[in-house]
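The values are calculated or read from the model by the stated rules, or taken from the named source; none is laboratory data. Computed from a prediction, not measured in an experiment: that's the story for all the values here. A quick note on method: Cβ atoms are made from the backbone with ideal geometry, for glycine too, and the neighbour counts reach across all protein chains shown.
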Amino acid sequence: MSQQGGGASTPYVSDQSSNPRDSSEMIATSRKRKNMKARSDVWEHYTKFVNEEGEQKARCRYCEKEFHSDPRRNGTSALKTHIASCKKFPPNINTKQTQLNYQPIKGQEGDGSGTLTTWKFDQEAIRNALARMVIVDELPFKFVENEGFRDLMSTACPRFRIPSRSKITRDCFKFFLDERLKLKKIFKQSSQMICLTTDTWSSLQRINYMVLTAHYIDNDWKLHKKIINFCQISSHKGEAIGKAVEKCLLEWGIDKVFTITVDNASSNDVAVGYLRRRINNWGSSVLQGKYLHMRCIAHIINLVVCDGLKEVGISVDRVRAAVKYVRGSPARLKLFKECVEVERIQSKSSLCLDVSTRWNSTYLMLNAAEKFEKAFERFDDQDPFFGSELDSGDVDGIRKPDHEDWENVRRMATLLQNFYELTIRVSGSLYVTSNTLFHEISEVECLLKQWSESDAYKLGMMVRRMKEKYDKYWGDIEKMNKLIYIAVVLDPRNKMDFVKFALIDIYIWG
């Protein structure tokens, strides 16, 4: 066998045949790779060494703490964790010296205006700001574990230790508890009366919910809106609603209630009556709660408009069917856009469907559709199924809209625009509306009186029906909450003269 190897390799083959174990060790030694330089950046902060027991160790260059560093048994996670919390690591040393920081003024980031502030790294402050961001922007808790957010924080603030989703959940709940204590303190120390608004509804799972909102003016004369309760209730009965509101007021320590604004459901009359008795027992009501109940003006407007739409509903149904047909497929919508271009209709509006239970969405649909009357006529010429499919509808009277339908829709859109803008004005929650309610009610009266004399028969019937619904709630001066008039008198722009003039115009001359 020694002769088959040939030349200088003969002694090596001879040793292999005599001692296989020694030869394998020699092969492994000859093929052993050279020691590579550590690739992790964490090794910049550690010194490698071998102790007396032959174990590979790493010593922190700042606090002299030792860690196992065998590359086959130990990774670098523990080393990274330690360096992030090492108290002697220079970036982690909490010095009293602050840094100058330029902060742009809120709402004016683009014009270069701002102020100089001092800044110092604070782990807890950043965590609180992160919890507030999750709450305000309605982000999921797992957002803090997303790769993009972690890359951003590692670049913007490497010293910040990003919490896990469970920790940020606890931070958000703690943030809620802290804010609740602050708000309780405000309610307790403030001498201002509080106005409440509440509403109830049922989910698709047949679960009843109630929300309670508090409106108050602080010592700096700033208006605030705070949702103080969102809970399940047993039913929509008045007594159940009243007890739920009472329980919430007791939990918050609120006893100075000025008004409660609710919609016109009969159950709310029972709920307000129950709360009036309880608040009177607390001894903090105004005039024994005589004017505690405030009817929601936006809800009354909704009832007035919905009642009037029933008179000219057939024209609305025809336009709705036409819009639904066009939006039924991408090909139809593309053809309709081509018709709009040919007719040179300069409008940025787009066709939209309404929700039958929300009249404001019906107004938006009609307001957008009436601008494309000529486009619908051209679309009827180019789509042979448009007229035939609408004429063969399952509902009686549904067909493609004609010129009379478009005229009715155009008048309705003009009328409903006034109610739409009025609803937006009275629904504001960041500014005071009590001093303008009587003015808005008077404007509705004048508007209905003007449109009731319209030459269009159907439109006149619609307005007269709306006037009947208006008189049900605002036709009798004795049934209205007198606080509406007091708010106008206290407004220096109106005072008593305007109230006298408006009352005479509505209830005497009208």
Looking only at residues that are assigned to a helix (DSSP H, G or I), of a type in the set (A, V, I, L, M, F, W, C) and free of Cβ contacts under 8 Å to residues at least 60 places away in the same chain in segment 181-201, which one is farthest from Val272 (Cα to Cα)?
Leu181
Of the residues Val286, Val304, Val270, only one is surrounded by fewer than 18 Cβ atoms within 10 Å (Cβ to Cβ), over 18 Å from Ala240 (Cα atoms) and aliphatic (A, V, I, L, M); which?
Val286
What residue, of Ile345, Ile314, Ile398, is surrounded by fewer than 15 Cβ atoms within 10 Å (Cβ to Cβ) and either assigned by TED's automatic domain parsing to the domain that holds Arg411 or under 19 Å from Arg411 (Cβ atoms) (or both)?
Ile345
So for segment 356-372 (the condition being without any contact (Cβ under 8 Å) to a residue 40 or more places away in the chain, touching a helix residue (DSSP H, G or I) at 6+ places or on another chain (Cβ under 8 Å) and not in a helix (DSSP H, G or I)), does at least one residue qualify?
yes
Check on Asp263, under 21 Å from Tyr473 (Cβ atoms), surrounded by 14 or more Cβ atoms within 10 Å (Cβ to Cβ) and modelled with pLDDT under 90
yes
Among the residues of segment 129-173, write down those that are acidic (Asp, Glu), over 18 Å from the mean Cα position of the chain (by Cα) and assigned to a loop (DSSP other than H, G, I, E, B).
none
Segment 204-217, subset surrounded by fewer than 17 Cβ atoms within 10 Å (Cβ to Cβ) and at pLDDT 85 or above, residue nearest to Trp252 (Cα to Cα):
Val211
Return yes when Lys225 is surrounded by 15 or more Cβ atoms within 10 Å (Cβ to Cβ), in contact (Cβ under 8 Å) with a residue 12 or more places away in the chain and among the basic types (Lys, Arg) and no when it is not.
no
So, Gly54, is that one modelled with pLDDT under 70 and loosely packed, with under 12 Cβ neighbours inside 10 Å or not?
no
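To keep it simple, each residue is scored yes or no on (1) in contact with a Cys (Cβ under 9 Å, 6 or more places away or on another chain); (2) closer than 18 Å to Ile484 by Cα.
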{"position": "His236", "(1), (2)": "no, no"}
{"position": "Ile241", "(1), (2)": "no, no"}
{"position": "Asn264", "(1), (2)": "yes, yes"}
{"position": "Gly289", "(1), (2)": "no, yes"}
Taking segment 228-247, which residues are touching a residue at least 40 places away in the same chain (Cβ under 8 Å) and within 25 Å of Val136 (Cα to Cα)?
Ile228
Could you check segment 403-501 for helices (runs of 4 or more DSSP H) lying wholly inside it with 2 or more residues that are touching a residue at least 12 places away in the same chain (Cβ under 8 Å) and within 30 Å of Arg378 (Cβ to Cβ)?
403-426, 457-474
Quick one: in segment 163-195, which of the residues that are under 13 Å from His224 (Cβ atoms) and at pLDDT 90 or above is surrounded by the fewest Cβ atoms within 10 Å (Cβ to Cβ)?
Lys182
